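Everything below concerns the one structure shown next.
The values are calculated or read from the model by the stated rules, or taken from the named source; none is laboratory data. If you're wondering where the values come from, they're calculated on a predicted model, not measured in any experiment. Here the Cβ positions follow ideal geometry from the backbone for every residue, glycine too, while neighbour counts run over all protein chains shown. To get the accessible areas, we keep the full protein, side chains included, count just its heavy atoms, and leave off ligands, DNA and RNA. Shrake-Rupley method; radii C 1.70, N 1.55, O 1.52, S 1.80 Å.
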Amino acid sequence: MNPRKKIIAANWKMNLTSSEVQPYLETFLLEVNHIDGVDVILIPSFTSIPKASELLEKNPKVRLGAQNFSAHDKGAFTGEVSARMLRDLFVRYVLVGHSERRQHFGETDQIVHQKLRMAHRSEFRPILCVGETQEERKAGKAKQVLEHQLKTALADSSPEDFANTIIAYEPIWAIGTGCTATAEQASEMHHFIREMIKSLASKEVAAKIRLIYGGSVTPANACELLKSPDIDGALVGGASLDPRAFAEIVKAGCSAAVEVRS
Ligand code: PEP
């Protein structure tokens, strides 16, 4: 029996304003209110977090995440948002090292490491994103790239830190391209990551840690990906902007969880 609960997370990226949160949630919650057995995480932009937080305050079904936060505690960092500020709004999950932050905002492996440490210190559940480019895959270096990203990000992590981390395998060539990894490709990489966690932490942690897949997940491909026992969930970008499409993916996660457990 697989003890790991599936996670379905929506990364809205820089989309949906604060006034669009309520209509979104009304539609989404209506679709999923009978569903149980998956962890649903909503990751809006900073400006939409307060509204989402207010609307979800009494809803244990959907947790809140943030797309980014500062590696610093507080102080003269104009334009930054701290972990404490997010905790105040009931944010419990944070994305760390998303490829768009690495690509467009110069987030190096070192910064990703610092943010992961800050996430752990702040008692967040970080979703650490790792993944290779198309060129790296073609050159046969995908696993090498993942190994480097995981080792630098998770350096000096305690067994508790490991156990608290969710790892999102997000091949860069699949993000926002409509070109999703096959279930076999994703499972192979998840298996590799789990083996790495065995050597970096322990067999017990590796058995518990949740590894989710991200990259052009849609209602059409979610079932196939999620029924793989190696894939513990999905991080969904584009398709999560439509509440009905995101609800379909949550339902796929739920049916897959039942199948994997039985
Ligand atoms: C993402 O941004 O994490 C992502 C997976 O995006 P998309 O689903 O649009 O590929």
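Within the stretch 198-240, how many residues turn out to be out of contact with any strand residue (DSSP E or B) (no Cβ under 8 Å at 6 or more places or on another chain), in a helix (DSSP H, G or I) and either modelled with pLDDT under 95 or more than 9 Å from the ligand (Cβ to nearest atom) (or both)?
14
Taking Arg117 as the residue in question, decide whether it is basic (Lys, Arg) and under 29 Å from Leu29 (Cα atoms).
no
Does the stretch 139-159 hold any residues that are free of Cβ contacts under 8 Å to residues at least 40 places away in the same chain and of a type outside the set (A, V, I, L, M, F, W, C), and which are they?
Gly140, Lys141, Gln144, His148, Asp156, Ser158
For the stretch 118-135, give me the residue count where each residue is assigned to a loop (DSSP other than H, G, I, E, B), open to solvent by 40 Å² or more (accessible area, probe 1.4 Å) and farther than 17 Å from Ile209 by Cα.
Selection size over the stretch 118-135: 0.
Please go through the stretch 100-117 and pick out each residue that is surrounded by fewer than 21 Cβ atoms within 10 Å (Cβ to Cβ), within 16 Å of the ligand (Cβ to nearest atom) and closer than 17 Å to Ala168 by Cβ.
Glu100, Arg101, Arg102, Gln103, Glu107
Within the stretch 128-137, count every residue that is in contact (Cβ under 8 Å) with a residue 60 or more places away in the chain and either more than 14 Å from the ligand (Cβ to nearest atom) or more than 9 Å from Gly97 (Cβ to Cβ) (or both).
1
For the stretch 1-69, give me every one of the strands (runs of 3 or more DSSP E) that falls completely inside it and has 2 or more residues that are within 15 Å of Gly233 (Cβ to Cβ) and within 16 Å of the ligand (Cβ to nearest atom).
Fully inside the stretch 1-69 and qualifying: 6-11, 38-43.
Results for (1) under 22 Å from Asn33 (Cα atoms); (2) open to solvent by 70 Å² or more (accessible area, probe 1.4 Å); (3) polar (S, T, N, Q), shown as yes or no for each residue.
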residue: Leu150; (1), (2), (3): no, no, no
residue: Glu170; (1), (2), (3): no, no, no
residue: Glu184; (1), (2), (3): no, yes, no
residue: Glu188; (1), (2), (3): no, yes, no
residue: Ala220; (1), (2), (3): yes, yes, no
residue: Leu235; (1), (2), (3): yes, no, no
residue: Ser255; (1), (2), (3): yes, no, yes
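Against the conditions (1) within 16 Å of the ligand (Cβ to nearest atom); (2) β-branched (Val, Ile, Thr); (3) not in a helix (DSSP H, G or I), where does Val81 fall short? Just the number, please.
Here Val81 meets the rest and fails (1).
In a loop (DSSP other than H, G, I, E, B), open to solvent by 40 Å² or more (accessible area, probe 1.4 Å) and either in contact with a helix residue (DSSP H, G or I) (Cβ under 6 Å, 6 or more places away or on another chain) or of a type in the set (Lys, Arg) (or both) - does that describe any residue in the stretch 136-146?
Yes, the conditions are met somewhere in the stretch 136-146.
Determine if the stretch 71-84 includes at least one residue that is closer than 23 Å to Lys208 by Cα and open to solvent by 70 Å² or more (accessible area, probe 1.4 Å).
Looking for residues that are closer than 23 Å to Lys208 by Cα and open to solvent by 70 Å² or more (accessible area, probe 1.4 Å), one finds none in the stretch 71-84, hence no.
In the stretch 241-256, which residue that is more than 16 Å from the ligand (Cβ to nearest atom) and among the small types (Gly, Ala, Ser) is nearest to Pro23 (Cα to Cα)?
Ser255
Going by the conditions given, is Phe90 open to solvent by 80 Å² or more (accessible area, probe 1.4 Å) and under 20 Å from the mean Cα position of the chain (by Cα)?
Here the answer is yes, as Phe90 does meet what is asked.
Looking at this structure, is Ala186 within 15 Å of the ligand (Cβ to nearest atom) and in a loop (DSSP other than H, G, I, E, B)?
So Ala186 fails the test.
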